[in-house]
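Shown next, in structure tokens, is the structure this report addresses.
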């Protein structure tokens, strides 16, 4: 088998990344360049997060705004930043939690996720992400408690 046929066969088998995944990776590359700035300047990170939230369609925009307020109030030491084009909140440069809008990857619910830097361990198994359809006072209280625990 010659190399051109081999390369073609490989390309036909693998479809690669979706347009959404490619866009997220490009966004992440831009964020890495801006990350040093954001780590030095919390205000720049917050400005980037608020700009990303403003770009979201409703109802994700309203949910992201409210989550931003809850996270800032529950864990003021976290630094807002963008992460793969999503609002995220970091401690010592490591993302602790993030919001992913339903529109980002055309899903039926938004997601509040926590990274391995979050202190949410409970025994041998615990949740690290939560589906969000809306925020009521009950969910807001749970989120505030989770974020406080995550940074404890």
**Complete:** For the chain, longest principal axis from Cα atoms; helix 137-150 axis from its Cα atoms; angle between them, nearest 10 degrees, is 80
**Prompt:** Could you give the length gained on full extension between residue 27 and residue 140, defined as 0.36 nm per residue of separation minus the Cα-Cα distance, in nm?
**Reply:** 37.8 nm
**Prompt:** Under a GNM of the chain (C-alpha, springs under 10 Å), which listed residue has the highest mean-square fluctuation: 111, 136, 128?
**Reply:** 136
**Request:** Measure off 7 Å from each Cα along the Cα-to-Cβ vector at residue 148 and residue 19, then give the distance between these two points in nanometres to one decimal.
**Result:** 4.5
**Request:** Obtain the nm distance between the two label points defined at residue 54 and residue 107 by a simple spin-label model: each point lies 7 Å from its Cα along the Cα-to-C-beta direction.
**Result:** 2.6
**Item:** Estimated FRET transfer efficiency when R0 is 35 angstrom, pair residue 43-residue 125 (beta carbons, to 0.05)
**Value:** 0.40
**Message:** If you fit an axis through the alpha-carbon atoms of helix 42-55 and take the longest principal axis of the Cα set of the chain, what angle between them do you get, 0 to 90°, nearest 10?
**Reply:** 70
**Prompt:** Relative contact order, percent, of the chain when contacts are C-alpha pairs under 8 Å separated by at least 6 residues?
**Reply:** 19
**Prompt:** When the convex hull of the Cα atoms of the chain is projected onto a plane and the area is averaged over all directions, what value comes out in nm²?
**Reply:** 11.9
**Message:** Per DSSP helix of 4 or more residues, -39500 (n - 2.57); summed, then divided by the residues of the chain. What does that give at 222 nm, rounded to the nearest 500?
**Reply:** -16500 deg cm²/dmol
**Request:** Measure nothing but the geometry: give the 0 to 90° angle between the long axis through the Cα atoms of 3-13 and the longest principal axis through the Cα atoms of the chain, rounded to 10°.
**Result:** 40
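Each value in this text was obtained by applying a stated rule to the coordinates, not by laboratory testing. Bear in mind that the values here come from a model prediction, so they are computed numbers and not experimental data. Neighbour counts run over all protein chains shown; Cβ positions are idealised from the backbone, glycine included.
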